[in-house]
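Beneath this line is the structure, given in structure tokens, with notes to follow.
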Amino acid sequence: MAMAVLWTGMVAASILCGLAMGNGPAVAAAAMEGAAAAVELCLSMAGMLCLWMGVMEVMKRSGLSEGLSRLLRPVLKRLYPDFAGDRAVMDNISANVSANLLGLGNAATPLGVQAARLMSRRTPGTASDSLCMLVVCNTASIQLIPTTVASVRQAAGCAAPFDILPAVWLASALSVAAGITAAKVLARLWRG
Amino acid sequence: MDLLVTMLVPLIMAGVALYAMARRVDVYDALVQGAGEGLGVLLRIVPSLVALLTAVYMLRASGALELAAQALSPLLSALGIPPETVALLLVRPVSGSAALGVGAELITAYGPDSLVGRTAAVMLGSTETTFYTIAVYFGAAGIAKTRYAVPAALCADLAGFLAAAWAVRVVFY
């Protein structure tokens, strides 16, 4: 329902605002253009998106995820000290993080959800500090190669759609660092 | 450094393929299967993009987005964020497909290599659909008391937006 409210609100607001500002005809023309633009965009994204999904499948089958998750484990144990000794939870979290890094979103979510379920057994109904940390880390994007955005840029006629990678890594790292810091600080301040 | 970034995509492709060959994976079969799944992903996003790009195009044509950008422009400029991205900031934590629609419109309208287009792309690439993720995780774990998870996650989003605008300026300008 949230999307229904959002969409209806956008359409109603653009008609009201268009009429008030004398842009009525432009709104009418835009209503015809948007849908066609969406299909064109998807068509011109298709090649690159499919290629990268293919490369990701190769990563998945070659065990790159498992290798990465072994590398990550020591770092993650420090982030979740309460569960450092819990093999099942740490396995799921490190697999979740490595899948997120490689952009395997469909694989990452079930792993993270499984970790969240196991963690919630200790404190049923209430989010423990570690569980909050897991959720905060999953709401920040750490995908190394943002495939979809790059294909949108390529569809818009960009010669080097991946030239944003260093900026994306920088912004992702800062965003994750801010989330972890906020969670650590709030863990001390929050009562109840 | 520039050459490395330019060559990154083919280098990753070759590196992954060689590593997979060494692990005796049928690289070609995996590549083709994954590419096929890519079509499925596209088919899933087409319907929502059709709906959302229509609404976003109408909103832009009506002048409402400019109005919102103007209203928030002093605040956003002070933070170093291009005011044109205002709709993306508002919709990003709520809906992934709406954010993709708004972002794609910005990238197309301003050009992929413009300041606004690049900032929008980096924002899309470095943030997540926060409320959706929170709903999925806490829903599955049966958590009613979410404590400070929402404010902490929104801190990460805000930092992501600020960092995206800053990183684009540092890397490109």
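Numbers at a glance
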quantity	calculated
Of the DSSP H helices in chain A, those whose Cα atoms cover at least 30 Å axially and whose Kyte score averages 0.0 or more	A:24-61, A:165-189
Alpha carbon convex hull of the range A:1-99, volume per residue in cubic angstrom	189 Å³
Separation in nanometres of the label points that stand 7 Å from Cα toward Cβ, at A:Met32 and A:Val185	5.3 nm
Dipole axis of chain A (+1 Lys, Arg; -1 Asp, Glu on Cβ), positive-most option in A:Ala182, A:Phe162, A:Met32	A:Ala182
Spatially proximal aspartates and glutamates relative to A:Lys77 (Cα-Cα < 18 Å; intrachain offsets below 8 disregarded)	A:Glu66, A:Asp86, A:Asp91, A:Asp129
In order through the range B:139-147: 3J(HN,Hα) via Karplus (6.51 cos²θ - 1.76 cosθ + 1.60), integer Hz, x for Gly, Pro	x, 5, 8, x, 9, 9, 8, 8, 6
Among B:59-65, B:31-37, the order from most to least packed when residues are scored by Cβ within 10 Å on average	B:59-65, B:31-37
FRET E, pair A:Arg87, B:Gln33, Förster distance 35 Å, beta-carbon r, rounded to 0.05	0.65
Shielding score for B:88-100, defined as the mean number of other chain Cβ atoms within 10 Å	2
Where labels lie 7 Å past Cα in the beta-carbon direction, separation of A:Thr123 and B:Ala78 in nm	3.6 nm
Average partner coverage of A:15-27, which counts Cβ from other chains inside 10 Å	4
Choice from B:Tyr57, B:Tyr110, B:Tyr28 showing the highest fluctuation, given a GNM over chain B with Cα pairs closer than 10 Å	B:Tyr28
Alpha carbon centroid spacing (whole Å) that separates the range B:1-66 from the range A:1-69	13 Å
Likely footprinting exposure, B:Tyr173, B:Tyr148, fewest C-beta neighbours within 10 Å first	B:Tyr173, B:Tyr148
Within 10 Å of each Cβ in A:145-151, the average number of Cβ atoms from other chains	6
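Where a number appears in this text, it was derived from the coordinates with a stated rule and is not lab data. Since this is a predicted model, take the numbers as computed values, not measurements. When we count neighbours, we look across all protein chains shown, and the Cβ atoms used for this are built from the backbone with ideal geometry, even at glycine.
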